[in-house]
Structures are given as structure tokens and as C-alpha cells.
């Protein structure tokens, strides 16, 4: 995949969820993300390991690193929106480049507007769209 970028997805479970449930939700989300047109989806490793654990063993619960091209953003966000409505997740925080967005249990219309604005700043612009912005034509 050309021009792959890194996205970090962080899950925040419902108030009554525990760490085991958060881990299970993270595994489920990873499996669904891998079905999309992304390069990789991996758990994020913790740099400072807890006392008694081996280096490289500790992962951040509820955090995934997704390698993808900007063209795949819309599909990832659509999956996240749908996935959240059917799971005990309070919030999903997405960091892409220097920008971040938090998806919560907002109305579908509000969520869609927020996501569309976020994606709009990161999606590649086609040559046809670029010509339309500058008022030039190919002739």
C-alpha cells in the first residue's frame, strides 16, 4: 500500500466493564479492522514494562496501531461507528498524524458530520477535484 500512515485507536470501555472485557473488545475490533483495506493492525506495546514482566511483553490494553493509506480512512471510520453501537464502549479515540478525534455515543448525524470533517482534512485530493478548486481545466 503506497503512502501508508499510522493511526492509533484507543478504546474506553463502559463504566461497568473490566480489563478482561476491554481486552476482548480490542481483539474483536482488531479482527474486524483486518478485514478492511489496511496494511496492519497491531496491539501497542508499553515502553515502560511493569515490575516483574519481561521487556516487550506488556501491551497497552484497548490500544491498536493501524497502518493504512489515507484512502482507507473512510472505511475505518464507518466500521468504528457501526462497531461502537453494538459494543459496551463509551468512547473511541483516534489519532492520525497530528490530529485526533473522539467518537462517543452521539447521534448518528452529529457523529457523521464530525467524522466527515476529520476525514476531509486527510483524504487525498484527486487531480479532477484539484482542477475544480483552482478553476482550471485540462483543455
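The values are calculated or read from the model by the stated rules, or taken from the named source; none is laboratory data. Remember, predicted model here, so these are calculated numbers, not experimental data. FYI the Cβ positions are ideal-geometry reconstructions off the backbone, even for glycines, and counts take in every protein chain you see.
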Selection within the range 6-21 - surrounded by fewer than 18 Cβ atoms within 10 Å (Cβ to Cβ), closer than 14 Å to residue 91 by Cα and modelled with pLDDT of 90 or more: 8, 12
Tell me the residue from 139, 117 that is in a helix (DSSP H, G or I) and either at pLDDT below 85 or in contact with a strand residue (DSSP E or B) (Cβ under 9 Å, 6 or more places away or on another chain) (or both), please. 117
If you go through the range 25-45 one residue at a time, do you hit one that is at pLDDT below 90, surrounded by 14 or more Cβ atoms within 10 Å (Cβ to Cβ) and assigned to a loop (DSSP other than H, G, I, E, B)? no
Any residue at all in the range 100-108 that is surrounded by 15 or more Cβ atoms within 10 Å (Cβ to Cβ) and modelled with pLDDT of 85 or more? yes
Any residue in the range 57-70 that is on the phi > 0 side of the Ramachandran plot and in contact (Cβ under 8 Å) with a residue 12 or more places away in the chain sitting within a Cβ distance under 8 Å of a residue that is assigned to a strand (DSSP E or B) and surrounded by fewer than 17 Cβ atoms within 10 Å (Cβ to Cβ)? List the pairs, counting only those 6 or more apart or interchain. 62/12
Residues of the range 74-99 being modelled with pLDDT of 90 or more, in a helix (DSSP H, G or I) and in contact with a strand residue (DSSP E or B) (Cβ under 7 Å, 6 or more places away or on another chain), which ones? 76, 80
Matching option when the condition is closer than 23 Å to residue 114 by Cβ and at pLDDT below 90, among 50, 55, 70: 70
Looking only at residues in the range 82-94 that are crowded, with 16+ Cβ neighbours inside 10 Å and without any contact (Cβ under 8 Å) to a residue 60 or more places away in the chain, which one is farthest from residue 17 (Cα to Cα)? 83
